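Have a look at the structure below before the remarks.
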Amino acid sequence: MDIAKYWKTIVDTLQDGLMVVDPRGTIIAANPAAERVTGYKADELIGQSCRILNCTGCKIVGSGAGMHWCALFNKGAIKEKQCLITSKDRHTVDIIKSASVLYNEKGEIIGAVETLTDITEKIRQQQEISNLRRTFYLDEGYHGILGKSPVMLNLFEMIENVAQSDTPVMIQGESGSGKELVARAIHKASGRNDKPYIKVNCAALNENLLESELFGHVKGAYTGADRTRVGRFEAAHEGTIFLDEIGDIPPAIQVKLLRVLEDRKVERVGDNQSIPVDVRVITATHKHLETLIEQGLFREDLYFRINVFPLHCPPLSGRREDIPLIAQSFIRRNAVSSGKKILGLTPDALEALTEYAWPGNVRELRNAIEYAFVLCQSGGIDIQHLPHKIVNGSMVQQLACELDLDCVKARDAMIAVLRQAGGNQSKAAKLLGVSRVTVWKRMKKYGIDIKQDVG
């Protein structure tokens, strides 16, 4: 069989778009699938330059024909490259492109053949899956940050947006609210995610050590400097540096840091040679830098340089609906590390966690779950397994109650019932005709401690 007779039928049957161009890039053939992908009819494509499609995978290197103008003719082939083209109706189309140069029997370039696979639907499905995962947190949160409250969804969107640029970011929030996780999420969501991520705790070092830590030093720069050391800015080259507790940097270091941020160059301690650095800078603090500026403790020009895009980490008390999700995550981690078969929280324990003020934020919640794992052996974590201050509330509630006569009477009545029930909250609930959770809430409201007040 002479298969050459059937080539057009074979090509027209292909599901992938196929085009043939001459050495100058003029389209000389296109199959029906190419029409579907591009939106153009074959007779609209033929005779046009292939540049009509505005393919992002094409690299123009000059003018003329063959290898003089197109990188494809230099390389000889392109294999499965993801690109974007512009269709006839001016929409972008995601494609996978493969191409190969065509030669005659003398080895001369006579053109090239390209295949175009439309992956627009696949990309759309991937984006939907990604959005679903972001919404329901099927993969343990957004870059490790757990939460689905409106305030956290807004934070995730802000992170996603600012990660696409190199704009300096300042993260503010209470201690334990997750500022370092936010910094790391910005790095992971950015184009620098395969480059170094370097963290420096500015509050942990004195002035001399911090200067050497940030900018490095040369051998002999000071007593004990027996070798040259690369600083954190150099180590973070092409990546991200996270300066935690930026408000604790001494004034002398602030001057040098400002110079580095403006010139994008560092000088090691003991050296006058400038070293270029390409670093994305993220800072964090729990202090009010505006107050420090008024007190003369922080430079205003440095503040404006690092506070281009401020982000706020909400306290846990401001997103209580996230507490069950975060607590369950800590339970799973502790169950794996401890080997205990603890599955979750009882309703009473969850109620206690949700009602607590959480001055220590997520860090305090993590510690509370670790505490509970010491006392609980299996099953569910209950109220008796939680730290005392979480279960019984603070003395503030009791003191506030003592200032209200009606509250004092109600508290005394509640204590009397608990004593009648021998301190058993379930029995007290039966005596009152209410649920155990209601008893617990009243105890919390009145600041009642079983050991101290009931005996």
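For every residue, the table says whether it meets (1) within 19 Å of PRO168 (Cβ to Cβ); (2) surrounded by fewer than 16 Cβ atoms within 10 Å (Cβ to Cβ); (3) in contact with a Gly (Cβ under 6 Å, 6 or more places away or on another chain).
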{"position": "THR291", "(1), (2), (3)": "no, yes, no"}
{"position": "GLU294", "(1), (2), (3)": "no, yes, no"}
{"position": "PHE298", "(1), (2), (3)": "yes, no, no"}
{"position": "SER329", "(1), (2), (3)": "no, no, no"}
{"position": "ALA349", "(1), (2), (3)": "no, no, no"}
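Do we have PRO276 as over 22 Å from PRO310 (Cβ atoms), surrounded by fewer than 19 Cβ atoms within 10 Å (Cβ to Cβ) and in contact (Cβ under 8 Å) with a residue 24 or more places away in the chain here? Criteria not met by PRO276.
Filter region 1-41 for residues that are modelled with pLDDT of 90 or more and charged (D, E, K, R); which is most open to solvent (accessible area, probe 1.4 Å)? It comes out as ARG36.
Return the total of residues in region 42-61 being in contact (Cβ under 8 Å) with a residue 24 or more places away in the chain, open to solvent by 40 Å² or more (accessible area, probe 1.4 Å) and small (Gly, Ala, Ser). Residues in region 42-61 being in contact (Cβ under 8 Å) with a residue 24 or more places away in the chain, open to solvent by 40 Å² or more (accessible area, probe 1.4 Å) and small (Gly, Ala, Ser): 1 in total. Checked against (1) open to solvent by 70 Å² or more (accessible area, probe 1.4 Å); (2) in a helix (DSSP H, G or I), LEU302 meets all criteria but (1). When residues in region 321-354 are screened for being touching a residue at least 40 places away in the same chain (Cβ under 8 Å) and either under 30 Å from LEU261 (Cα atoms) or not small (Gly, Ala, Ser) (or both), 10 of them pass.
What about ASP322, is it more than 22 Å from MET170 (Cβ to Cβ) and either open to solvent by 80 Å² or more (accessible area, probe 1.4 Å) or in a loop (DSSP other than H, G, I, E, B) (or both)? Walk me through how you get there before you give the answer.
Details: more than 22 Å from MET170 (Cβ to Cβ): yes; either open to solvent by 80 Å² or more (accessible area, probe 1.4 Å) or in a loop (DSSP other than H, G, I, E, B) (or both): no.
In short, no.
If you take the residues of region 420-436 that are in a helix (DSSP H, G or I), open to solvent by 40 Å² or more (accessible area, probe 1.4 Å) and aliphatic (A, V, I, L, M), which of them is nearest to CYS407 (Cα to Cα)?
So in region 420-436, the residues in a helix (DSSP H, G or I) come out as 420, 425-432, 436.
Imposing the further condition that a residue be open to solvent by 40 Å² or more (accessible area, probe 1.4 Å) reduces the set to 420, 426-427, 430-432, 436.
Remaining after also requiring aliphatic (A, V, I, L, M): 431-432.
On the way: LEU431: 20, LEU432: 17 Å.
Filtering region 420-436 for residues that are in a helix (DSSP H, G or I), open to solvent by 40 Å² or more (accessible area, probe 1.4 Å) and aliphatic (A, V, I, L, M), the one nearest to CYS407 (Cα to Cα) comes out as LEU432.
Please tell me if SER87 is more than 17 Å from GLU35 (Cα to Cα), surrounded by 14 or more Cβ atoms within 10 Å (Cβ to Cβ), touching a strand residue (DSSP E or B) at 6+ places or on another chain (Cβ under 6 Å) and modelled with pLDDT of 80 or more. Talk me through it step by step, then tell me what you get.
On the way: more than 17 Å from GLU35 (Cα to Cα): no; surrounded by 14 or more Cβ atoms within 10 Å (Cβ to Cβ): yes; touching a strand residue (DSSP E or B) at 6+ places or on another chain (Cβ under 6 Å): yes; modelled with pLDDT of 80 or more: yes.
Taking the combined requirement at face value, the residue does not satisfy it.
The values are calculated or read from the model by the stated rules, or taken from the named source; none is laboratory data. Note that the structure is predicted; figures quoted are calculated from it, not measured. Reconstructed Cβ throughout: ideal geometry from the backbone, glycine too, with neighbour counts over all protein chains shown. Each accessible area value is taken on the protein alone, full model and side chains, heavy atoms only, with ligands, DNA and RNA left out. Shrake-Rupley method; radii C 1.70, N 1.55, O 1.52, S 1.80 Å.
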